[in-house]
1. List the pairs whose first member sits in the range 17-39 and is touching a residue at least 60 places away in the same chain (Cβ under 8 Å), whose second member is open to solvent by less than 70 Å² (accessible area, probe 1.4 Å), and whose Cβ atoms are under 6 Å apart, counting only residues at least 6 apart or on separate chains?
2. Select the strands (runs of 3 or more DSSP E) contained entirely in the range 52-150, then report the ones holding at least 1 residues which are over 16 Å from the mean Cα position of the chain (by Cα).
3. Condition check: in contact with a Gly (Cβ under 7 Å, 6 or more places away or on another chain) and open to solvent by 40 Å² or more (accessible area, probe 1.4 Å). Does residue 92 satisfy that?
4. When only residues in the range 36-54 that are surrounded by 11 or more Cβ atoms within 10 Å (Cβ to Cβ) and not hydrophobic (A, V, I, L, M, F, W, C) count, which is farthest from residue 144 (Cα to Cα)?
5. Return the residue satisfying two criteria in turn: it lies in the range 24-35 and is part of a loop (DSSP other than H, G, I, E, B) and on the phi < 0 side of the Ramachandran plot, and of such residues it is least open to solvent (accessible area, probe 1.4 Å).
6. Find the residue count for the range 1-33, including only residues that are over 23 Å from residue 47 (Cβ atoms) and among the small types (Gly, Ala, Ser).
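The values are calculated or read from the model by the stated rules, or taken from the named source; none is laboratory data. Being a predicted model, the structure only gives us computed values, none of them experimental. With ideal geometry, Cβ positions are generated from the backbone for all residues, glycine too; neighbour counts draw on all protein chains shown. Calculation scope for accessible area: heavy atoms of the full protein, side chains included, ligands and nucleic acids excluded. Shrake-Rupley method; radii C 1.70, N 1.55, O 1.52, S 1.80 Å.
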Amino acid sequence: MYKDQVILSLLRQNSRSSLTEMSKKTRIPVSTIYDKLKVYRSGLITKHTSLIDFSKIGYATRAAVLLKAPTSTRIQLKEYLSKHHAVNNFLKINNGYDFFVEAIFKTIQELESFMENLEEKFEINKKETFYIVDEFKRENFLSNPDLIFK
């Protein structure tokens with residue numbers, strides 16, 4: 001299990017690292033890392049992606065939105081949000097809400113229009129919107145092999 005966590009943390013740090021680089025850092029043979037990667041790709045690793053600073057390409061407005069909807073509209077709301085181009089992350093949650101939505105827009109006006117559109121299309125019992133002002137840590141869990149306990 002320790003070897004798996006170390007390999008995964010190196011992948012989380014830089015998924016483009018070569019097997020040779022990973023082997024040198026971990027002292028795990030290249031063949032072992034290769035075999036483990038084959039196993040990981042069959043279900044453990046769900047997606048390879050890039051983390052982007054959206055503000056540098058003109059998308060300066062990010063918001064986290066908590067939503068609670070009546071049971072009668074929840075499925076339609078879920079389908080709508082799952083397909084919406086501005087929704088970056090979409091999660092089912094608990095403690096008084098149904099969904100957590102992280103959405104990204106160029107302007108605050110676009111965000112406000114998105115929220116108004118939601119309320120026009122769907123009955124929403126409760127909503128909270130939080131503007132994301134700054135980001136201090138993202139996608140960092142299990143990304144530092146030095147912090148893994150043996």
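1. Taking only residues 6 or more apart or on different chains, the pairs are 26/6.
2. Numbers: elements: 61-68, 87-92, 99-105, 126-131.
In the range 52-150, the matching strands (runs of 3 or more DSSP E) lie at 61-68, 99-105, 126-131.
3. Details: in contact with a Gly (Cβ under 7 Å, 6 or more places away or on another chain): no; open to solvent by 40 Å² or more (accessible area, probe 1.4 Å): yes.
When the stated conditions are applied, residue 92 does not pass them.
4. The qualifying residue farthest from residue 144 (Cα to Cα) is 41.
5. First pass over the range 24-35, keeping only residues part of a loop (DSSP other than H, G, I, E, B): 27-29.
From the residues that got through so far, the ones that are on the phi < 0 side of the Ramachandran plot too are 28-29.
Values: 28: 10, 29: 67 Å².
Filtering the range 24-35 for residues that are part of a loop (DSSP other than H, G, I, E, B) and on the phi < 0 side of the Ramachandran plot, the one least open to solvent (accessible area, probe 1.4 Å) comes out as 28.
6. Going through the range 1-33 one residue at a time, the tally reaches 2.
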